[in-house]
Structures are given as structure tokens and as C-alpha cells.
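Step one of this worksheet: look at the structure below.
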Amino acid sequence: MKKLLKKAAKKNEATLLRGETARLKRGLNAKIKGFESQVKSRVEEIERKREEIESLIANLQMKDRVIEENKKDFSRLEKESSSKIEELESKVKEISVELAKKEEDLRTSKKLLDQRESELNRLRDEYLNRGVTCVKKGQDDQAIFDFTKALEVNPKDHKAYNNRGNAYLHKRQYDQAISDFTKALEINPSDDKAYYNRGITYGERGQYDQAISDFAKVLEINPKDSETYYNRGINYYFMKEYGKSWEDVKKAQDLGYKIPPKFLDNLRKASGRQN
């Protein structure tokens, strides 16, 4: 009986040992598999890191090559730039010398031009003064010649046109006179003398409307011109606008102009009034 119990006990003990061994074996296998999985994961991570490092190394090597190439290009460009800078500096010096020479030439030319302009102005003034003297002496042809010469010197001299127009007016060459007065006004629209003289010319041609218009322009510029009021009054008289003629006559008188008695008599007779 005891032998059977011992034998059964040993059998149970062996069964327990086998179970424990199997359990330990299973646990060990699980740990081994876990460890292998960790090792594999670690190996894969190391491989990825290696690839990243290799990629970084490749990029760095490429950048090194680019830097080297840029260094070569920079060195080449630096040499070329230095050469070009020297060339430009040389050209700048040449240009500076040339400009200095041209500035000196310009100063000389300006001085000559100033002298020439002064001579021309003196010559123009001589022609103008002689022309005015000739007009006063009744030498209208000579005056026209002198004013024309003055205009050759300065085609923009409105006074010369006005003076020549007066000479033409004295010769009763009305078209030429009006042309010169108009030219003077194109150059100087504020020339009241040119308006006045053209108004006189229009009046002598019987173009009373145009004459009155020009005299009105004179009075816009110079409202105190008594003689212009008188001459506009004459043109109103010829247009039989006696009321307006009287108005201008009175304005002329108020400004101190002495109206010729003969014109006053004619105006009184024509208008049927005394003033």
C-alpha cells in the first residue's frame, strides 16, 4: 500500500513538473517572441535612421559641391567685376575730361551768344529808333524798311509790328496795317496800343463794328483812356448810334479830353440834342 502511494505521489509530482515546465516554456517562448519583435522593431528603426543619415550625408555632399561651384563662380565673377570696375573707372575719367572740355566749350559758346545777342539787340534798337523818327518825319517807306529790319532781328517784337502797322496806316495801306496790328496782338494780347491802332484802321475803312470792338478791348485794359472813348464815340456816330456816341463823348470829357468843336456840332445836328 505504501509503495502504491509513493508511486502515485511521484506520478503526481512528475505531472506537476511537466505542467510547470510547459508553462515556463510557454512564458519563455512568449518573452523570446516579444524580445525578437522588439529587436526587429529596433533593427528597423536603426535602418531608417541609417537611411536618413545617408540621405543627410548625400545632401551635405551635394551642398558641398554646390558651395564649391559657387566659390569658383564667385571667384570668376570677382575677377570679372574687378576688371569691369577698372574699365568703368577708366571710362569715367575719360568722360569727366570730355565733359570738362565740353563745359568749357559751352561757356565759350554762351559768351559768344551773349555778345551776339547784345549786338543784335543794339542793332534792333537802332532800327526801331530810326523807324520811329522816320514816322514822325513822314518818311513812312524808310520807317517800314527799318521796322522790317528790326523784325528780322527779333520776329517776336510786338512793338516793331505795331510801329510798322502805323507806318502802313499813314500810307493808307490798310490791309498791311491790320495784318501787323493783328500779329502784334498774337504775340502780346495785352498790347492796348495795337488794339487802338487797329481800331483806328478799321474806322478809316468804314468797318465800324470791328473798330468799336477793338476800342472796347483798349478800355478793358486801360479804362482811363479818354482818347479811346472819343474815337469809339466817332464810330458810334458813323453807325448813327448817337446815344452811345454821346455817352463816350461825355466820358472822354470827364477824363479831360477836349472834343473838337466841329465833331460836337455834327453830333448835335445829327442827334437833335445838345449833349
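The values are calculated or read from the model by the stated rules, or taken from the named source; none is laboratory data. Predicted model, so just to flag it, every value in this text is computed and none were measured. Here Cβ is always computed from backbone atoms with ideal geometry, including for glycine, and neighbour counts include all displayed protein chains.
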- From the option list Ser81, Ser41, Ser55, single residue qualifying as at pLDDT below 75 and in a helix (DSSP H, G or I) is Ser81
- Among residues belonging to segment 223-235 that are of a type in the set (D, E, K, R) and surrounded by 15 or more Cβ atoms within 10 Å (Cβ to Cβ), point out the one that is farthest from Ala270 (Cα to Cα). Asp225
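Every residue, every condition in (1) surrounded by 14 or more Cβ atoms within 10 Å (Cβ to Cβ); (2) touching a strand residue (DSSP E or B) at 6+ places or on another chain (Cβ under 8 Å); (3) among the charged types (D, E, K, R); (4) in contact (Cβ under 8 Å) with a residue 40 or more places away in the chain, yes or no:
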{"site": "Asp175", "(1), (2), (3), (4)": "no, no, yes, no"}
{"site": "Ser179", "(1), (2), (3), (4)": "yes, no, no, no"}
{"site": "Lys217", "(1), (2), (3), (4)": "yes, no, yes, no"}
{"site": "Ile221", "(1), (2), (3), (4)": "yes, no, no, no"}
{"site": "Tyr237", "(1), (2), (3), (4)": "yes, no, no, no"}
{"site": "Trp246", "(1), (2), (3), (4)": "yes, no, no, no"}
{"site": "Gly256", "(1), (2), (3), (4)": "no, no, no, no"}
{"site": "Leu267", "(1), (2), (3), (4)": "yes, no, no, no"}
- Query: So Pro189 fits all but one of (1) more than 30 Å from Tyr242 (Cα to Cα); (2) touching a residue at least 12 places away in the same chain (Cβ under 8 Å); what number is the exception?
  - Reply: (2)
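Let's see how each residue does on (1) under 24 Å from Gln210 (Cβ atoms); (2) of a type in the set (Phe, Trp, Tyr); (3) in contact with a Leu (Cβ under 8 Å, 6 or more places away or on another chain):
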site	(1), (2), (3)
Lys224	yes, no, yes
Phe238	yes, yes, no
Tyr242	yes, yes, yes
Val249	yes, no, yes
Ala252	yes, no, no
Ile259	yes, no, no
Lys262	no, no, no
Asn266	yes, no, no
Ser271	yes, no, no
- Item | Which numbered condition Asn129 misses (of (1) over 43 Å from the mean Cα position of the chain (by Cα); (2) surrounded by fewer than 23 Cβ atoms within 10 Å (Cβ to Cβ)) | (1)
- Message: Residue under question is Ala216, and the condition is that it be in contact with a Gly (Cβ under 7 Å, 6 or more places away or on another chain) and small (Gly, Ala, Ser); does it hold?
- Response: no
- Query: In this structure, is Ser118 of a type in the set (Gly, Ala, Ser) and modelled with pLDDT under 95?
  - Reply: yes
- Number of the exception - Gln61 against (1) over 59 Å from the mean Cα position of the chain (by Cα); (2) at pLDDT 75 or above: (1)
